[in-house]
Every structure is written in C-alpha cells, then in structure tokens.
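Everything below concerns the one structure shown next.
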Amino acid sequence: MTVSVEVPAVVHGGDAPALAQPLRRGDACTVVIFGAAGDLAKRKLFPALFHLQCDGLLHEDFALVGVGRDPMTEEAFRQLIYESARDADDPSPAGEIDDEAWARFAPRLSYVQGEFTASATYAALGERLGVIESARRQSDGRLFYLAIPPSIYTGTITHLERSGVAERVNRRSTRPWVRLVIEKPFGHDLQTAKALNRTVRKAFAEHQVYRIDHYLGKETVQNLMVFRFANSIFEPVWNRHHIHHVQITAAETVGVEHRAGYYEDAGVVRDMFQNHLLQLMCLTAMEPPVAFQADAVRDEKIKVLRAIRRFSAAEMHDYSVRGQYGAGSIKGAAVPGYREEPNVDPSSDTATWAGLRLLVDNWRWQGVPFFLRSGKRMPRRVSEIAVQFREPPHLMFPLDQGKTITPNVIAIRVQPEEGISLAFDIKVPGVGVRMTAAKMDFSYAEAFGKAAHSAYETLLLDCMVGDATLFTRGDAVEAAWEVVDPVIEAWRDKDPEHFPNYAAGTWGPAIADEFIARDGARWRQP
C-alpha cells in the first residue's frame with residue numbers, strides 16, 4: 001500500500017504556493033577548504049559546491065580556495081575538482097558534466113599550498129583572499145571549512161586567529177561575516193571536547209561556528225520536525241501515554257575498511273552514538289520549539305540531552321550491550337571477522353555493535369525507553385527511527401492460535417530509501433473476523449523523484465546563508481559526551497565476554513535480543 005502525495009511545482013519565479021519558500025542563494029563569499037586534496041573534499045564537498053553552481057544557488061561573486069599540503073598548480077587543482085564533480089552521482093550521471101556551469105565555476109577556483117600549522121601558509125592565504133575580494137563587486141564574508149584530521153583542529157584554529165585571516169569587526173558583527181565549519185568527531189571525550197570548545201571560543205563567537213553532522217542534512221531528518229509539528233494528528237499521541245518505546249537504528253553492511261587506525265581507538269559509540277544517533281533522538285523527543293529558528297530548535301534539543309538519565313558502571317548491564325563481528329557473509333560473499341581485518345589487533349576488544357537503552361526523565365517521556373543501536377557488517381544498510389505504540393488496553397477480537405496483533409509503528413527511514421511508513425492491523429475480507437498486518441508507505445523517491453540536493457549541499461548552503469538550525473551547538477556537544485562517556489569508561493574497565501559474539505551478515509549478538517526483551521520489545525529487522 002502506498003500513499004499518494006500532492007506535489008507543488010518547484011518555484012523559480014512568479015507566484016509561489018502559500019507554503020512554498022523560494023530557495024535562497026548563497027552570500028557573496030569565499031569558501032576556504034582546509035584539506036583540499038583529502039577524501040572528504042573530493043568525494044563530498046567539491047561535488048556539492050558544483051551542484052549548487054548548476055542550480056544557480058551560488059552567488060556570482062562566490063569563490064573557492066583550497067588549502068592543502070600537496071604541491072599543486074591552479075590548473076591541476078581545477079582538474080581535481082572537475083574529476084570529483086564528473087565522477088560523483090550528482091549533479092548528473094557519472095561521466096557527464098554541465099560544461100556551461102563548469103565554465104562559470106572554474107575561474108572561481110584557486111589553491112594555496114602549505115602546512116596547516118605553518119604561519120607562512122596563512123600569510124599566503126591572506127594575500128590570496130585579498131586579491132579575490134578586491135576584484136569583487138560585493139564581498140559578504142569568509143567561510144573556513146576544516147576537512148582535516150581532528151588532531152590538527154586546534155593548531156589550525158589558533159593560526160586562523162593569530163594570522164588575521166579570520167578577523168572580523170567585532171565578535172557580534174554579522175557582515176562582513178566569518179564562519180568556521182568543523183567536521184565530527186568534535187573531541188574524543190568530554191574533556192577533549194571542552195578543551196576544543198575553549199580553543200574555538202577564543203577565536204570565534206558561538207554564532208560563527210557550524211559543527212556539521214551530515215545526517216542532519218538528509219531530507220527525512222529535516223522532515224521529522226515537519227511530520228511532528230505540522231500535523232496535528234500525531235502530536236496528541238507523541239508521549240508516554242501512547243508510545244511503548246522508540247528504536248533508532250544505524251546499520252552498516254561494511255566492515256572497518258581502511259579506517260582501522262581510527263576505529264580501533266574510537267569504536268562504535270564514539271563513531272555513531274555521540275553524534276548521529278543522539279541527534280536523531282533529540283529530534284524525536286524534543287518539545288515543539290517556539291519558532292523554526294536555529295537557537296529555538298537547538299534549545300529544545302539540549303533539553304533532551306540534559307534530561308537523559310545518567311547511570312553508573314554498576315547499572316551498565318541494564319542500559320547497554322555490545323558486540324563485535326566475526327567471520328560471516330554479506331550478500332553471499334564471505335567476509336572476515338573484525339580481528340582478521342588489516343591493521344586490527346588480533347585480540348581487539350573494540351565494539352563494532354552497540355545498543356543503549358536511554359530514558360528521558362521529563363513529563364512527556366517518563367518511562368519510555370529509547371533503544372539506540374548501531375553496528376557494522378549488518379545484513380542491510382539502513383538508518384531509521386521507529387516509534388512503536390502501545391497495544392490496545394483490551395482486544396475484543398478473537399485471534400488465531402499463536403497469533404498476536406501487529407503493533408502500530410511509525411517508521412521514519414533516513415537512508416537509503418528515505419520515507420515514512422505506518423504499520424497497523426486490518427480485517428481480512430470475508431466471513432468472520434480475521435486480522436492481518438498492513439502498511440501505508442510514503443517514499444520520497446516515488447513522490448518527488450531523485451532528491452534535489454544531497455545532505456552536504458543543503459548544509460553548505462546553510463553555512464553560506466547563516467542558518468545554523470541543522471548544526472550542533474557547543475553545549476550540545478558536551479552534553480552528548482556526558483551521555484556516552486560513562487558507557488565508554490565502563491567498557492574500558494571491564495573486558496568483554498565472548499568476542500566476537502555475532503557473525504557478519506546478522507543483526508547483532510544474541511544477548512542484544514535478551515537486552516531489549518526485558519522491556520517487552522524486540523529489535524526490528526528493517
């Protein structure tokens with residue numbers, strides 16, 4: 001069963017529908033990407049910026065400066081970006097590129113070579129920015145994007161401050177603006193996150209800092225707020241009286257791949273829970289903000305993080321479970337266990353699967369468990385939020401032997417097939433009363449076709465127009481670490497039993513089923 005959607009035409013001019021908002025073009029700014037020869041820039045940032053160019057969303061006075069360690073001519077840098085855009089899935093099938101858009105884009109690209117913690121690099125960058133901005137008709141600001149390893153965040157930010165290239169009129173000024181974009185992970189634990197926040201705040205005001213999490217740029221994540229707060233049929237039942245539990249899942253089919261050095265140190269909780277999953281939980285559990293504005297939304301999210309019940313190491317068994325994948329098969333192909341992956345310690349106790357049972361101690365959610373799970377080498381790649389409602393207090397209809405009713409579940413699929421589904425029971429046609437499960441399903445792809453913009457396109461444009469709604473504030477980063485740090489510390493002090501404890505290609509360890517069953521629930525297999 002599918003749901004039909006009335007889709008308004010995209011408006012580029014003329015009269016717009018009452019609820020349509022015309023897309024805002026980015027400011028006349030210079031985007032400076034540190035780590036311009038790195039994987040993130042090549043796979044995500046360059047294709048995203050070029051797609052925005054193709055859609056007419058970059059200002060005619062936009063410019064891009066790449067900063068990297070590799071010696072590279074300007075022509076070679078432009079060729080690198082051309083190949084990145086050509087080989088990406090967007091804006092057109094791989095191997096094709098809009099030559100007209102590229103002709104407008106290429107002259108805006110330039111490159112500065114140097115070490116990120118060398119003063120000479122920033123002197124050269126300052127000179128290049130001065131030349132670019134002096135040739136413009138309009139210059140609104142500078143956007144500095146740190147697509148670099150977290151280990152050099154502090155040195156880079158310090159040099160940005162001392163060199164003057166990130167100088168502004170005063171800390172409260174908005175034009176000409178200066179903004180800083182920082183990729184996750186933001187800190188390694190609570191103490192390092194606090195230290196990094198202090199470094200950032202010494203150089204930038206909080207309103208200038210955009211801590212990016214690409215999950216929050218996905219259409220379904222943004223739609224969650226619309227789904228909750230623009231539809232009055234859901235808000236009255238979005239609470240402890242009607243909801244039994246919530247499951248938030250981020251499952252990956254891949255293993256550790258080439259990230260063993262990072263993953264051995266980080267593990268699944270640092271990699272996925274502190275940022276992605278807790279952000280999804282906040283959007284699911286938060287109260288209605290007073291306005292759809294950055295600080296109003298982020299104020300409600302921080303309230304959720306602060307309301308999550310803290311637990312001690314002695315209570316860990318009731319609130320967390322972990323696993324590590326062994327050898328198995330994915331889509332019929334044999335794959336090694338985690339300890340057999342290249343550059344992984346053969347006796348590693350790093351968790352590649354984790355499940356947390358979190359409770360939000362406030363009026364709306366008291367007693368409702370939020371189950372968060374993430375793992376590698378799962379049967380399917382999927383991220384979703386599933387809200388399961390309580391069973392009716394009394395069932396008047398007879399059931400077949402061994403048959404149970406299907407719980408009502410609203411599932412918000414974040415990736416890869418973005419959409420929303422509602423599961424419920426219906427009567428089977430015919431004599432007598434027999435019930436069966438049915439599902440109403442809304443698919444973004446079926447309703448709207450291919451997504452207009454990727455997550456990074458959405459977030460980069462937000463950075464250029466100064467909309468911080470989808471970005472994480474400094475206090476929320478610290479509050480999230482306060483939630484996950486006790487888990488990491490407790491696991492560090494107690495060796496795991498029976499690792500590996502789930503085979504690649506399965507949904508996780510058997511102990512995870514026992515863990516969730518204590519609350520009368522079971523894991524979904526989306």
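Given the criteria part of a loop (DSSP other than H, G, I, E, B), among the charged types (D, E, K, R), out of contact with any His (no Cβ under 9 Å at 6 or more places or on another chain) and surrounded by fewer than 22 Cβ atoms within 10 Å (Cβ to Cβ), does R339 qualify? Here the answer is no, as R339 does not meet what is asked. Taking the numbered list (1) part of a loop (DSSP other than H, G, I, E, B); (2) closer than 30 Å to I420 by Cα in turn, T458 passes all entries but (1). Within segment 189-202, the set of residues being surrounded by fewer than 18 Cβ atoms within 10 Å (Cβ to Cβ) and not charged (D, E, K, R) comprises Q191, T192, A195, T199.
Selection of first residues in segment 510-523 that are in contact (Cβ under 8 Å) with a residue 60 or more places away in the chain and part of a loop (DSSP other than H, G, I, E, B) and of second residues that are among the small types (G, A, S) and surrounded by 14 or more Cβ atoms within 10 Å (Cβ to Cβ), restricted to Cβ pairs under 8 Å at least 6 apart or on distinct chains, gives the following pairs, ordered by first then second residue: W523/G508; W523/A512. Within the option set I243, I248, I212, being under 25 Å from P379 (Cβ atoms) and either at pLDDT below 90 or surrounded by 15 or more Cβ atoms within 10 Å (Cβ to Cβ) (or both) holds for one residue only, I248. For beta carbons closer than 6 Å, sequence separation of 6+ or different chains, a first residue in segment 74-94 that is acidic (D, E) and a second that is at pLDDT 90 or above, the qualifying pairs are E74/S110; E74/Y111; D90/H51. Would you please name the residue that is nearest to L356 (Cα to Cα), looking only at residues in segment 468-502 that are out of contact with any Lys or Arg (no Cβ under 8 Å at 6 or more places or on another chain) and of a type in the set (A, V, I, L, M)? Ranking the candidates gives V487 first. Is it the case that some residue within segment 464-476 is open to solvent by 50 Å² or more (accessible area, probe 1.4 Å), modelled with pLDDT of 95 or more and within 26 Å of the chain's Cα centre (by Cα)? For segment 464-476, residues open to solvent by 50 Å² or more (accessible area, probe 1.4 Å), modelled with pLDDT of 95 or more and within 26 Å of the chain's Cα centre (by Cα): absent.
Has segment 285-292 got any residue that is closer than 16 Å to V246 by Cβ, crowded, with 20+ Cβ neighbours inside 10 Å and touching a Lys or Arg at 6+ places or on another chain (Cβ under 9 Å)?
Quick first cut of segment 285-292, residues closer than 16 Å to V246 by Cβ only: 285-287.
Checking which are crowded, with 20+ Cβ neighbours inside 10 Å leaves us with 285-286.
Of the ones still in play, those that are also touching a Lys or Arg at 6+ places or on another chain (Cβ under 9 Å) are 285-286.
Within segment 285-292 (the criterion being closer than 16 Å to V246 by Cβ, crowded, with 20+ Cβ neighbours inside 10 Å and touching a Lys or Arg at 6+ places or on another chain (Cβ under 9 Å)), the answer is yes, since at least one residue qualifies.
For segment 101-124, state whether one or more residues are touching a Cys at 6+ places or on another chain (Cβ under 8 Å), of a type in the set (A, V, I, L, M), assigned to a helix (DSSP H, G or I) and surrounded by 17 or more Cβ atoms within 10 Å (Cβ to Cβ). Within segment 101-124, one or more residues are touching a Cys at 6+ places or on another chain (Cβ under 8 Å), of a type in the set (A, V, I, L, M), assigned to a helix (DSSP H, G or I) and surrounded by 17 or more Cβ atoms within 10 Å (Cβ to Cβ).
When you scan segment 342-370, how many residues do you find that are open to solvent by 20 Å² or more (accessible area, probe 1.4 Å) and either of a type in the set (S, T, N, Q) or at pLDDT 95 or above (or both)?
Narrowing segment 342-370 to residues open to solvent by 20 Å² or more (accessible area, probe 1.4 Å): 342-343, 345-347, 349, 357, 361-364, 366-367.
Then drop every residue that is not either of a type in the set (S, T, N, Q) or at pLDDT 95 or above (or both), which leaves 343, 347, 357, 361-364, 366-367.
So the count comes out to 9.
Once segment 28-42 is narrowed to residues that are part of a helix (DSSP H, G or I) and touching a residue at least 12 places away in the same chain (Cβ under 8 Å), the residue that is farthest from T73 (Cα to Cα) is L40.
Suppose the filter is open to solvent by 70 Å² or more (accessible area, probe 1.4 Å), closer than 28 Å to E167 by Cβ, of a type outside the set (K, R) and at pLDDT 95 or above; does Q138 pass it? No, not satisfied. Restricting E341, E384, E315, E300 to those that are without any contact (Cβ under 8 Å) to a residue 40 or more places away in the chain and under 30 Å from E264 (Cβ atoms) reduces the list to E315. Does any residue of segment 371-378 turn out to be touching a His at 6+ places or on another chain (Cβ under 7 Å), at pLDDT 90 or above and more than 23 Å from M225 (Cβ to Cβ)? Within segment 371-378 (the criterion being touching a His at 6+ places or on another chain (Cβ under 7 Å), at pLDDT 90 or above and more than 23 Å from M225 (Cβ to Cβ)), the answer is no, since none of the residues qualifies.
Of all residue pairs spaced 6 or more apart or on separate chains, those with beta-carbon atoms under 7 Å, a first member in segment 249-275 that is more than 25 Å from I516 (Cβ to Cβ) and a second member that is surrounded by 22 or more Cβ atoms within 10 Å (Cβ to Cβ) and among the aromatic types (F, W, Y) are V256/Y263; V256/Y338.
Does Q324 count as open to solvent by 60 Å² or more (accessible area, probe 1.4 Å) and under 26 Å from D485 (Cβ atoms)?
Details: open to solvent by 60 Å² or more (accessible area, probe 1.4 Å): no; under 26 Å from D485 (Cβ atoms): yes.
Considered against the rule, which asks whether it is open to solvent by 60 Å² or more (accessible area, probe 1.4 Å) and under 26 Å from D485 (Cβ atoms), Q324 comes out as no.
Of V433, V487, which residue is of a type outside the set (D, E, K, R), open to solvent by less than 60 Å² (accessible area, probe 1.4 Å) and touching a residue at least 24 places away in the same chain (Cβ under 8 Å)? Outline the logic, then answer.
On the way: V433 fails: open to solvent by less than 60 Å² (accessible area, probe 1.4 Å).
Checking each option against the conditions leaves just V487.
Being among the aliphatic types (A, V, I, L, M) and buried (at least 18 other Cβ atoms within 10 Å of the Cβ) is a condition met by no residue of segment 226-234. Every test in (1) modelled with pLDDT of 90 or more; (2) farther than 27 Å from K44 by Cβ is passed by V178 save one, and that test is (2).
Tally the residues that are open to solvent by 20 Å² or more (accessible area, probe 1.4 Å), assigned to a loop (DSSP other than H, G, I, E, B) and in contact (Cβ under 8 Å) with a residue 60 or more places away in the chain, restricting the search to segment 495-507.
Taking segment 495-507 and keeping what is open to solvent by 20 Å² or more (accessible area, probe 1.4 Å), we get 495-501, 503, 505-507.
Now drop any that are not assigned to a loop (DSSP other than H, G, I, E, B), which leaves 495-501, 505-507.
Checking which are in contact (Cβ under 8 Å) with a residue 60 or more places away in the chain leaves us with 495-496, 499-501, 505-507.
Looking only at that region, the number is 8.
Yes/no per residue for (1) surrounded by 13 or more Cβ atoms within 10 Å (Cβ to Cβ); (2) at pLDDT 95 or above; (3) farther than 30 Å from Q366 by Cβ; (4) of a type in the set (K, R):
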position	(1), (2), (3), (4)
E300	yes, yes, no, no
K303	yes, yes, no, yes
A307	yes, yes, no, no
A313	yes, no, no, no
A333	no, no, yes, no
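The values are calculated or read from the model by the stated rules, or taken from the named source; none is laboratory data. Given the structure is predicted, the values throughout are model-derived calculations rather than measurements. Using ideal geometry, Cβ is built from the backbone for each residue, glycine included, and neighbour counts are taken over all protein chains shown. Remember, those area values only see protein heavy atoms, side chains included, never the ligands or the DNA or RNA. Shrake-Rupley method; radii C 1.70, N 1.55, O 1.52, S 1.80 Å.
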